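Structure, as structure tokens:
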Amino acid sequence: MVKVDLQGCDSFVSKEQFNEYLKKARAAQVVLQEESGAGNDFLGWQHLPSSTGKAEIEACLGVVDRWIGKEVDLVVVIGIGGSYLGAKAAIEALSHSFAREMGGHGPQVVFAGENLSEDYTAELLDLVSQRNTACVVISKSGTTTEPAVAFRLVKDHLEKTYGKKDACERIVAITDKARGALKSLSNQEGYQTFVIEDNIGGRFSVLTPVGLVPIALAGFDIEAMVRGAKDAEKALSERSDDNPAVRYAAMRNLLYDAGKKIEIYASFNPKLQYLGEWLKQLFGESEGKDGKGIFPASAVFTTDLHSMGQYIQQGERILMETVITVDNASREVTIPADPQDLDGLNYLAAKHVEHCNRMAQLGTKMAHIDGGVPNMDIHIERLDEYNLGSLFYFFEVVCGISAYVLGVNPFNQPGVEAYKKNMFKLLEKPGY
Ligand code: PA5
């Protein structure tokens, strides 16, 4: 289970202040659970893990089997925002860092439709033209421009390469049950479709087929991921001062009100880089509205200590830090002794690389606290499907509670429309 350690905030807040915010977070938890707050028609994610059974898992795995049967070696997953970042975060976290360079096995999953870069698109088309390709297109609204453009191009390639009938068997659409161009297109072309329920917003959809189908296609155990989320659902439903989601939500709001306007989501594991991206979307889109909200940033240490470290240590004192720690590394590497010790590293001989990483983490925590950056630690036992499932669910609950403490609707994103309107006008879209 996810554990939260807030001791790194002790020198910044008093017990009384924390207890006051704990009360607010407890009240917000009730609002969330009783579905009485703003955006309460978007709470389908709350009981999603416990309502995901064998049939739902098998439906996702059916896509894997079907495409393995066709010897598909490349799956293009098309989507943006919540229809992209969860799967990307999970696949990056669980994959071998050099999977591609090492040949890998099973289909390679690549992402598209999350940008409008012509160079990226052209290079994607170079790749699909060399490989045995299938495509998962994900858009809840079914109208988002970026994935729609990518899908039009990939669909065209598949139809030209394999013929219309086979292309149809190489496309899976994940979309809303009734609305949107993607739904009507899928009905007309006969694609296999998965439905995203109306009451689950994009950034809360990683544990639906939006995340599970791509994660399964990348070869990971989605049943274990859902089991982790299910256990978290049970544990985090507790109405108690010890509930880690409630405590963390209380502390980050208290720090925000005390002037810490930016939260850095950091980890000491590069596999979690995209978890940081997922968190930025989850919290940024849920909280940043009505002129308020913690600004979410992300960093991977020790890498970014050599770039962002200077600012974090001594720049404007508006930062707080949430560090996601994987307690146990999956592999072991010890540093060898060297008879000559020309690099002066023999003091580390026989030590694990992860031991050095831990000491770097501890040293960083002490330095940042001394420098005025409160530290919150989120722990998972190991980086696997089960723990990642519980971590996703944990942050979703934190986000719902936190946003209610802040006093905003966590489940809408009206601000995202502003750029779209201008872009449509500039592109001369009919009606704009
Ligand atoms: O969280 C959200 O709702 C958004 O980030 C959406 O996921 C994103 O805009 C993509 O939308 P859609 O799935 O409708 O294409």
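Each reported figure results from applying straightforward, stated rules to the coordinates on display, with no laboratory input. This structure is a prediction, so every number in the text was calculated from the model and none was measured. Methodologically, a virtual Cβ is constructed for each residue, glycine included, from the backbone with ideal geometry; neighbour enumeration extends over all protein chains shown.
What the table shows:
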| read-out | value |
| --- | --- |
| Selection count, region 104-151, where residues are part of a strand (DSSP E or B) and either aromatic (Phe, Trp, Tyr) or over 16 Å from Tyr191 (Cβ atoms) (or both) | 5 |
| Within region 198-213, considering residues that are of a type in the set (Val, Ile, Thr) and buried (at least 24 other Cβ atoms within 10 Å of the Cβ), the one farthest from the ligand (Cβ to nearest atom) | Val213 |
| From Ala216, Ala148, Ala167, residue being surrounded by 14 or more Cβ atoms within 10 Å (Cβ to Cβ), of a type outside the set (Val, Ile, Thr) and within 16 Å of the ligand (Cβ to nearest atom) | Ala148 |
| Val63 vs. criteria outside any helix (DSSP H, G or I) and either within 15 Å of the ligand (Cβ to nearest atom) or buried (at least 17 other Cβ atoms within 10 Å of the Cβ) (or both) | no |
| Only one of Tyr265, Tyr248 that is free of Cβ contacts under 8 Å to residues at least 60 places away in the same chain, of a type in the set (Phe, Trp, Tyr) and away from the ligand (no atom under 16 Å from the Cβ) | Tyr265 |
| Of residues in region 355-383 being under 22 Å from the mean Cα position of the chain (by Cα) and within 20 Å of Asn328 (Cα to Cα), the one surrounded by the fewest Cβ atoms within 10 Å (Cβ to Cβ) | Arg382 |
| Selection count, region 81-101, where residues are within 24 Å of the chain's Cα centre (by Cα) and either more than 22 Å from Met225 (Cβ to Cβ) or without any contact (Cβ under 8 Å) to a residue 40 or more places away in the chain (or both) | 4 |
| Index of the failed condition, Gly104 passing every other in (1) within 21 Å of Gln413 (Cβ to Cβ); (2) surrounded by 14 or more Cβ atoms within 10 Å (Cβ to Cβ); (3) free of Cβ contacts under 8 Å to residues at least 60 places away in the same chain | (1) |
| Members of region 97-132 that are acidic (Asp, Glu) and under 23 Å from Lys160 (Cα atoms) | Glu118, Asp119, Glu123, Asp126 |
| Inter-residue pairs, beta-carbon under 7 Å, first within 17 Å of Ser390 (Cα to Cα) and in region 206-217, second more than 12 Å from the ligand (Cβ to nearest atom) and of a type in the set (Asp, Glu), 6+ apart | none |
| Exclusive hit being more than 21 Å from the chain's Cα centre (by Cα) and within 21 Å of Tyr274 (Cβ to Cβ), set Leu124, Leu207 | Leu124 |
